[in-house]
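Below is one structure, written out as structure tokens; comments come after it.
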Protein chains: 4
Amino acid sequence: MAKKTKLTRAEQKALRPIQILDAAFDEFVAHGFSATRVEDIADRIGVTKGTIYVYFPTKEDLFSAMIRHISLPLEDLLREAGGLQGSHAERLRSFLLLAYGGIAQDRRSRELLRFVISEGSRFRQLIDAHFAEVIEPLLSRTQMILDEGVMAGEFRKSPAANADIIVAPILSLMMDQLIHGDRRIVDLSAYVEGHLDLVFSGISVPKALGD
Amino acid sequence: MAKKTKLTRAEQKALRPIQILDAAFDEFVAHGFSATRVEDIADRIGVTKGTIYVYFPTKEDLFSAMIRHISLPLEDLLREAGGLQGSHAERLRSFLLLAYGGIAQDRRSRELLRFVISEGSRFRQLIDAHFAEVIEPLLSRTQMILDEGVMAGEFRKSPAANADIIVAPILSLMMDQLIHGDRRIVDLSAYVEGHLDLVFSGISVPKALGD
Amino acid sequence: MAKKTKLTRAEQKALRPIQILDAAFDEFVAHGFSATRVEDIADRIGVTKGTIYVYFPTKEDLFSAMIRHISLPLEDLLREAGGLQGSHAERLRSFLLLAYGGIAQDRRSRELLRFVISEGSRFRQLIDAHFAEVIEPLLSRTQMILDEGVMAGEFRKSPAANADIIVAPILSLMMDQLIHGDRRIVDLSAYVEGHLDLVFSGISVPKALGD
Amino acid sequence: MAKKTKLTRAEQKALRPIQILDAAFDEFVAHGFSATRVEDIADRIGVTKGTIYVYFPTKEDLFSAMIRHISLPLEDLLREAGGLQGSHAERLRSFLLLAYGGIAQDRRSRELLRFVISEGSRFRQLIDAHFAEVIEPLLSRTQMILDEGVMAGEFRKSPAANADIIVAPILSLMMDQLIHGDRRIVDLSAYVEGHLDLVFSGISVPKALGD
DNA sequence: GATGAATGAGTCTTCATTCAT
DNA sequence: CATGAATGAAGACTCATTCAT
């Protein structure tokens, strides 16, 4: 049952690239692509520079592989969102909560966004891939629920039934955490509650009763 | 009437640093701090490397000066927001529109946000300065209007009366434009309209009438 | 029996720093600290600039290491001077001859003196280290023999029994060779003979006999 | 009677090069030729770099001119030594004292020696000029007195009657002061007394009386 | 596979020198 | 004369990449 040293050489070999990618993630997050030294990535896992080059031919390839590495888990989460039940409001609420948990609060998703912003001009495909795999699914699923809710008469047919607007607080929170890390602690539950409250009610005092 | 070569030396001297800072802005925006070559900044305005160093002792100093350079105009805009008139809803609407025009749609403000995200770990003070000079004023003014509106009975005393949430679509739009530039053209007026509609009404069909 | 390429990697690695330090010595001697180019040091041993920096982080560190490198052998020689035999005059004579052979005629000791004079203001510790490790031992051992000789009645108790004065011709010769190299060939044996003759007899005609 | 501002423009003009040379002396002394910046020399007298180049075409020319500048006064002193009176011992004593006062204790002569040692390989003529104008006259005059003293039966015809040896303590003192400046204060009068005592008597106890 | 010595292209920075004002 | 903005050649230092062991 002992886990340590139990790894066969084949397992070891399969593990190495993942170790490297994890270390690369940390270094690239901390310093960005240009300012990250391959040697620092190597140091992080106790190997030498040369070892990195055994697995990845260039620093750019390593970066791209790292991006792919941290992008993978996300797909699962979005798929999971398929089978939501209940009214449209309930489905929207559930979906947004899922997005908070799976995206905004997931460090990898967050840092991926940082890479898109800071390295997007060097790695053009980053932008398209991120949009296609993260943003677009998020928006289209949101928009789908909104449209269905409108058709069902549950939501107003209004300019506010716009996915970009509805998910904005989620992206905004990601950015805030990207910038401030743990230094500016936002009250997360109040934030989410405020978001949902706004979505479903707006801030104005209901006029209907009095009129 | 000829403008060229008409500048006195004193004028030239006063102009040069601004030229440099503008060129630096463009290069740093395009490549980030580390990947920007001082020589490229110089080339952009037709001088040589050495000239840059006549005005700025190091690349880091140049970067910091550039940040200060692009941060200045913002202060005016926020001050301008002081004298808004009308109901609280009108004041909030006006303030948000002002923020769209002055911040989200201002290229410098937008790119400043990029620097905060991509170079914040290298230039720590960037984060604090940006928060203190841009984010915090934006949030506190918004919160003030919200609080007053609640006290005046114009807004619901609700979790949605939360500045972070209310301004999120503005920041989210900035980020979107930062990432996609002109490639993903969002319908700006629909976006703003959707934002304001959400803020003041939410998306739910009013229940009072039907009940 | 072939010597070349016969070195193991470990031997190479142990040798390289010494090669570099020897080459650095030659270049620094020829041009001084500031005017020496790291690349020239590298060229001298057929490697590239980068290799130097594998072993020494900065030019200053290389210089300091070079100084330590050439300073080491001296310690042995001074220790050797401990077991001198004979009358005090004989011991003084032997010690001075030892100093001529081990210091004045040793190229490294000589050039070390040049570095002290020319780079002392940049490398303050050079001065103190040189004094503590070369000059002071030389002077204190000389003074010890002089003092003992005086107590033994072998030397006059006079102002001339002053180590600074007694060893001056040795230092003066070093300086001369530093300046003129091989261009002004001083008759070394006449010089040494003159020095010892002066020390033990002065230049005046003995008065006692004639009076 | 006011000295200040009384200078005509012509006098001002004549003064400027001397100011520059004096400032250059201080900077070159402190940092050596290579590490001295022309701008620092200019700063020292409150002018700008360009001004230096009005008077001296290159840094090397400035250095050479500075050497000539500080070498001038020395010639006078040596000439002064011509008319010494008294016995040969008295003349030698007077000459050595003159050398102490005029050379060893003259800052310019001392620093000139530093330049010879540290910049001699870059400015070859420095070595020859220094030897011809300082060292050789010192040695030849000393040797002349020694030779005449031997011929007059006043000095022993011995290996010690060697100018190199006799003046060595003077040069050695210069070197010591060059290295230690004011940090190692040698008792100058004891030093000179010791030197002269050695020269005229050696350190051995006179044997003549007892034998 | 892993190493780490070596490379060399690249970048920041310095500074002697020029020249229009 | 004096200035000081501008130059550009040079040099310290870095680091992605290679390759023999």
Exercise. Which net charge results when you count Lys and Arg as +1 and Asp and Glu as -1 among the other residues whose beta-carbon is under 12 Å from that of C:MET66?
Worked result: -4
Problem set entry | Relative contact order, percent, chain B [alpha-carbon distance under 8 Å, six or more residues apart] | 17
Problem set entry | Angle between chain D longest axis and helix D:188-201 axis [Cα atoms, degrees, rounded to 10] | 40
Seminar exercise, completed: Stokes-Einstein, Kirkwood over Cα pairs, region C:71-203, 4 °C, 1.567 mPa s; D in µm²/s equals 83
Seminar exercise, completed: With label points set 7 Å from each Cα along the Cα-to-Cβ direction at A:ARG124 and A:ALA65, the distance between them in nm comes to 2.5
For this session: Compute the signed sum of charges (Lys and Arg +1, Asp and Glu -1) over the other residues within less than 9 Å, Cβ to Cβ, of D:PRO159.
Result: -2
Exercise. How many Cβ atoms of partner chains, on average, are near each residue of A:86-92 if near means within 10 Å of its Cβ?
Worked result: 1
Problem set entry | Charge dipole of the protein assembly as shown about the Cα centre (unit charges at C-beta), most positive-ward option of C:ILE45, C:GLN105, C:VAL186 | C:ILE45
Exercise. Quick one: label points 7 angstrom along Cα→Cβ at A:LEU188, distances to the other copies in nm, smallest first?
Worked result: 3.6, 7.9, 8.1
For this session: Note the angle between two axes, namely the Cα long axis of helix C:136-151 and the longest principal axis of the Cα atoms of chain C, as a number of degrees from 0 to 90, rounded to the nearest 10.
Result: 20
For this session: Before rounding to the nearest 500, sum -39500 (n - 2.57) across all DSSP H runs of length at least 4 in the protein assembly as shown and divide by the residue total; then give [θ] at 222 nm in deg cm²/dmol.
Result: -22000 deg cm²/dmol
Exercise. With labels modelled as points extended 7 Å from the Cα through the Cβ direction, what inter-label distance (nm, one decimal) is found for C:SER87 paired with D:ILE45?
Worked result: 6.1
Exercise. Taking the Cα atoms only, what angle lies between the long axis of helix B:88-99 and the longest principal axis of chain B, rounded to 10 degrees?
Worked result: 20
Exercise. Region D:147-211 to region A:132-185: how many Å between their Cα centroids?
Worked result: 97
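What dipole magnitude, in Debye to the nearest 20, does region D:71-203 give about its Cα centre under +1 on Lys/Arg Cβ and -1 on Asp/Glu Cβ?
260
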Seminar exercise, completed: Other residues with Cβ under 14 Å from the Cβ of D:PHE95 give, with Lys and Arg +1 and Asp and Glu -1, a net charge of 0
Problem set entry | Farthest positive-ward along region A:9-67 dipole, Cα basis, beta-carbon charges - from A:ALA24, A:SER34, A:PRO57 | A:PRO57
Exercise. Zone of C:ARG184 (label point 7 Å along Cα→Cβ, backbone N under 11 Å): which residues in region C:114-140?
Worked result: none
Exercise. How many partner chain Cβ atoms sit within 10 Å of a residue's Cβ in peptide D:184-192, on average, as a whole number?
Worked result: 2
Seminar exercise, completed: Counting other chain Cβ atoms within 10 Å of each Cβ in A:150-156 and taking the mean gives 3
Seminar exercise, completed: Computed about the Cα centre, the charge dipole of region D:9-67 from +1 Lys/Arg and -1 Asp/Glu charges at the Cβ has a magnitude in debye, to the nearest 20, of 220
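No lab work stands behind these numbers, since they all come straight from the coordinates. Just so we're clear, the structure is a prediction, and the values are computed from it rather than from any experiment. As a convention, Cβ positions derive from the backbone with ideal geometry for all residues, glycine included, and neighbour counts pool all protein chains shown.
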